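Peer 1: I have a structure I would like to understand better, so I am pasting it below and will then ask my questions one at a time.
The values are calculated or read from the model by the stated rules, or taken from the named source; none is laboratory data. Only a predicted model underlies this, so the values are computations on that prediction, with no experimental measurement involved. Here the Cβ is made from the backbone with ideal geometry for all residues, glycine too, and neighbour counts use every protein chain on show.
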Amino acid sequence: MPLLEDGRLVADPFLNVADDEALPDCAALVSIDRLHREGDALAGRNAPLGVALPPGTNPAVLARWLPRLALVALTLPKHRDGRAFTQARALREYHGYTGEIRATGHVIPDQYAALLRCGVTTVTVPDNTDTTTWTRMRDAIPLAYQPAITGDGHANLLRRRVSLARHDEGAGGAPGGG
């Protein structure tokens, strides 16, 4: 399956490797169980390493390996399940993870902008995906309630309110506009 990155389709360089399979010499995506069992050996690889973090798993369990991981793949089991949003934000905000965060599973275009704001960098999409819908949904609402983890250039409601309050105070108006 291709990946959606910055609104365009790109090839997935990672090979999904089962727990009982030998690791290839290329970029490999392994399970969290395999990482726990073979973490030290896996961390010594010269090829990029990624891990699939199941929904409901605290990203803190990866802290030891985050500097070595090139990818953390998060799963949305259904579009109403928001745990991957929380995991992505925690990886960026609390653990300082700078590598690729991928959303997989049941991801819909309506979630694309929010995923990006939480720190997701790529989304697994079906073959022959039309990126027009995804980019339209990404750009549809330029204002969000919470600040973004990534510098997406969009204002958030809190910053806009603070900016308006400062403008009102500078113009001699009442603080807070009202």
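Peer 1: Only one residue in 96, 39 is of a type outside the set (Val, Ile, Thr), free of Cβ contacts under 8 Å to residues at least 60 places away in the same chain and not in a helix (DSSP H, G or I). Which one?
Peer 2: Just a single option satisfies the conditions, and that option is 96.
The rows are residues; the columns are (1) within 18 Å of residue 5 (Cβ to Cβ); (2) in contact with a strand residue (DSSP E or B) (Cβ under 7 Å, 6 or more places away or on another chain); (3) of a type in the set (A, V, I, L, M, F, W, C); (4) not assigned by TED's automatic domain parsing to the domain that holds residue 9.
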residue: 23; (1), (2), (3), (4): no, no, yes, no
residue: 50; (1), (2), (3), (4): yes, yes, no, no
residue: 55; (1), (2), (3), (4): no, yes, no, no
residue: 66; (1), (2), (3), (4): no, no, yes, no
residue: 74; (1), (2), (3), (4): yes, yes, yes, no
residue: 78; (1), (2), (3), (4): no, no, no, no
residue: 89; (1), (2), (3), (4): no, no, no, no
residue: 106; (1), (2), (3), (4): no, yes, no, no
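Peer 1: Determine whether the range 46-62 contains at least one residue that is of a type outside the set (Val, Ile, Thr), more than 16 Å from the chain's Cα centre (by Cα) and not in a loop (DSSP other than H, G, I, E, B).
Peer 2: Checked against the condition, which is being of a type outside the set (Val, Ile, Thr), more than 16 Å from the chain's Cα centre (by Cα) and not in a loop (DSSP other than H, G, I, E, B), the range 46-62 yields at least one hit.
Peer 1: When residues of the range 33-64 are filtered for being modelled with pLDDT of 95 or more and crowded, with 17+ Cβ neighbours inside 10 Å, how many remain?
Peer 2: Final tally of qualifying residues: 10.
Peer 1: Would the range 145-152 turn up any residue that is in contact with a Lys or Arg (Cβ under 9 Å, 6 or more places away or on another chain), among the acidic types (Asp, Glu), part of a loop (DSSP other than H, G, I, E, B) and modelled with pLDDT under 95?
Peer 2: Taking every residue of the range 145-152 in turn, at least one turns out to be in contact with a Lys or Arg (Cβ under 9 Å, 6 or more places away or on another chain), among the acidic types (Asp, Glu), part of a loop (DSSP other than H, G, I, E, B) and modelled with pLDDT under 95.
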